[in-house]
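Peer 1: First the structure, then my questions, so here it is.
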Amino acid sequence: MRAVTVTPGMPDSLRLVDDWPEPAPEEGAILVEALAIGICGTDLEIVAGEYGEAPPGQERLVLGHEALGRVLEDPTGTLHPGDLVAGVVRRPDPVPCPNCAVDEWDMCRNGQYTEHGIKGLPGYARDRWRIQPKFAVGLDPALAPVGMLLEPTSVVAKAWDHIERIGARAEWKPQTALVTGAGPIGLLAALLATQRGLAVHVLDRNTTGPKPDLVRALGATYHTVPVAELDFEPDVVVECTGAPPVLLDAMRKAGPIGIVCLTGVSSGGRSIDFDAGALNRDLVLENNVVFGSVNANRRHWDMAAEALARADRSWLESLITRRLPVSAYAEAYTHTGGDIKTVLDFTI
Ligand SMILES: [Zn+2]
């Protein structure tokens with residue numbers, strides 16, 4: 001069967017292998033045929049040789065962590081043949097740490113977790129894969145064209161879950177949310193904000209392309225000015241750019257008892273001048289919280305499946321700006337400017 005693979009750490013090692021072995025029964029009782037794989041920045045970093053780890057004793061890593069498949073067989077009866085399914089990305093560490101011990105693998109404390117298609121486990125970019133029921137998330141059948149968005153949605157479902165848990169420290173009635181960055185994560189974070197009834201503002205530097213219309217279609221407001229120039233103080237900020245000037249301004253912009261959730265990963269190594277004392281003063285005097293959020297546990301995947309099922313299908317479909325057959329894998333894993341989400345389609 002086909003599998004899209006790399007040799008981690010080695011640039012230009014992206015290969016479509018035609019005779020990859022069938023998934024081993026040890027991978028899980030549920031056998032799935034691949035429908036599609038979403039591609040994100042992490043995949044591009046792995047392809048560039050900057051990130052990623054093959055399973056122990058193997059040279060190649062199968063890519064793909066934004067999975068969508070259809071169940072072929074499930075002897076456990078958890079799912080049924082024909083059901084749409086996505087696979088959770090992370091697996092708990094073997095020690096396990098206190099968080100992994102209670103299935104909060106997204107909060108792993110020792111870093112020994114593994115991740116399909118990223119770190120030590122084969123990904124889902126292959127014709128068939130297997131999965132254990134605990135890590136298989138069933139999807140509404142109507143989500144067939146867009147179900148590979150479940151993984152990025154799980155990341156923002158976790159972010160919102162933690163925002164709300166932090167908000168519960170006091171009486172908290174948020175009204176406005178600011179999302180910085182209108183990539184897939186930012187747009188999905190905005191979707192979940194609108195589902196919570198908030199007045200949503202999305203800030204991005206793009207003035208053309210599909211982003212402004214996608215934001216407006218949510219009933220949200222699109223901004224292209226610097227964060228510091230916005231004329232309101234958001235109750236919640238979901239920062240999705242990882243760009244230091246944006247995230248520093250975002251931390252300072254939040255209103256009283258504001259919550260700033262950082263989801264973007266910065267590359268680091270660049271210093272900029274900023275007034276740490278002023279930031280400290282803002283945070284202390286307004287009881288603000290700034291926190292980081294990554295990954296998602298099973299509860300968040302289920303929340304994400306619900307959020308996608310409630311969302312407007314055509315809006316979700318318009319997030320997918322490139323859909324390519326597996327044979328065009330090299331093109332699919334090449335970054336293009338105006339793209340929102342590229343999908344590798346195993347059925348065309
Ligand atoms: Zn752990």
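The values are calculated or read from the model by the stated rules, or taken from the named source; none is laboratory data. Predicted model only: the values in this text are computed from it and were never measured. Virtual Cβ from ideal backbone geometry, glycine too; neighbours counted across all protein chains shown. Please note that ligands, DNA and RNA were not included when accessible areas were found on the heavy atoms of the full protein model with its side chains. Shrake-Rupley method; radii C 1.70, N 1.55, O 1.52, S 1.80 Å.
Peer 1: Mind checking the angle between helix 298-310 and the chain's longest principal axis? C-alpha axes, 0 to 90 degrees, to the nearest 10.
Peer 2: On a 0 to 90 degree scale, this one is about 80.
Peer 1: Could you give each residue of region 33-50 its phi-based ³J(HN,Hα) in whole Hz, using Karplus coefficients 6.51, -1.76, 1.60 with θ = phi - 60°, and x for Gly or Pro?
Peer 2: Those phi angles translate into 9, 5, 9, 7, 9, x, 10, 10, x, 4, 4, 5, 5, 5, 5, 6, x, 8 Hz.
Peer 1: So with the 1.4 Å probe, I'd like the accessible area per residue for region 160-226, rounded to whole Å².
Peer 2: Per-residue accessible area for region 160-226 comes out at 44 Å².
Peer 1: Let me ask something else about it. Ranked from highest to lowest mean number of other Cβ atoms within 10 Å per residue, what is the order of the peptides 288-300, 82-94, 145-157?
Peer 2: Result, highest mean first: 145-157, 82-94, 288-300.
Peer 1: Among ALA199, GLY292, MET107, whose Cα sits farthest toward the positive end of the charge dipole of the chain (+1 at Cβ of Lys/Arg, -1 at Cβ of Asp/Glu, about the Cα centre)?
Peer 2: The residue sitting farthest along the positive end of the dipole is ALA199.
Peer 1: Right, here's the next one. I want the antiparallel fraction of DSSP beta bridges within the chain, as a percent rounded to 5.
Peer 2: 50 percent
Peer 1: Using just the helices of the chain, give the 222 nm mean residue ellipticity in deg cm²/dmol: DSSP H runs with n ≥ 4 each add -39,500 (n - 2.57), and the total is spread over all residues, rounded to 500.
Peer 2: -7500 deg cm²/dmol
Peer 1: Right, something else. Taking only pairs that are 8 or more places apart or on different chains, how many Lys pairs in the chain have Cα atoms under 28 angstrom apart?
Peer 2: Lysine pair count for the chain: 12.
Peer 1: Where the only charges are on Cβ atoms (+1 Lys, Arg; -1 Asp, Glu), what is the dipole of the chain about its Cα centre, to the nearest 20 debye?
Peer 2: I would put it at about 280 debye.
Peer 1: Restricting to Cα pairs below 8 Å that are 6+ residues apart, what does the relative contact order work out to for region 50-167? Please round to a whole percent.
Peer 2: 32 percent.
Peer 1: If you don't mind, another one. What is the helix-to-structure angle for 244-253, meaning the angle in degrees between its Cα long axis and the longest Cα principal axis of the chain, kept from 0 to 90 and rounded to the nearest 10?
Peer 2: 50 degrees
Peer 1: A further question follows. Taking R0 as 22 Å, what's the FRET efficiency between ASP312 and THR347 from their Cβ-Cβ distance, rounded to 0.05?
Peer 2: 0.40
Peer 1: Under 12 Å from the Cβ of VAL227, count the other residues' Cβ atoms, weight Lys and Arg +1, Asp and Glu -1, and hand me the total.
Peer 2: Spelling it out: positives minus negatives among the neighbours equals -3.
Peer 1: Would you please state the base-10 log of I(q)/I(0) at q = 0.11, 0.14, 0.18 1/Å for region 136-291, with intensities from the Debye formula using one equal scatterer on every alpha carbon?
Peer 2: With no solvent term, the Cα-only Debye profile gives -0.43, -0.69, -1.11.
Peer 1: Moving on. If you bin every alpha carbon distance in region 64-187 into 10 Å steps from zero, what whole percent lands in each bin?
Peer 2: In order of increasing distance, the bins hold 11, 34, 35, 17, 3 percent.
Peer 1: Carbon and sulfur atoms: what percent of the 1.4 Å accessible area of region 275-348 do they account for?
Peer 2: It is 51 percent, rounded to a whole number.
Peer 1: Compute the helix-to-body angle for 150-167: its Cα long axis versus the longest principal axis of the chain, expressed 0 to 90° and rounded to tens.
Peer 2: In the chain, helix 150-167 runs at an angle near 40 degrees to the longest axis.
Peer 1: Moving on to the next point. Rounded to the nearest 5, what is the percent of antiparallel bridges among the DSSP beta bridges in region 70-205?
Peer 2: In region 70-205, approximately 50 percent of DSSP beta bridges are antiparallel ones.
Peer 1: Once you have the Cα-Cα distance between ASP231 and ASP302, take 0.36 nm times their residue separation minus that, and quote the gain in nm to one decimal.
Peer 2: Fully extending the segment from ASP231 to ASP302 adds 22.0 nm.
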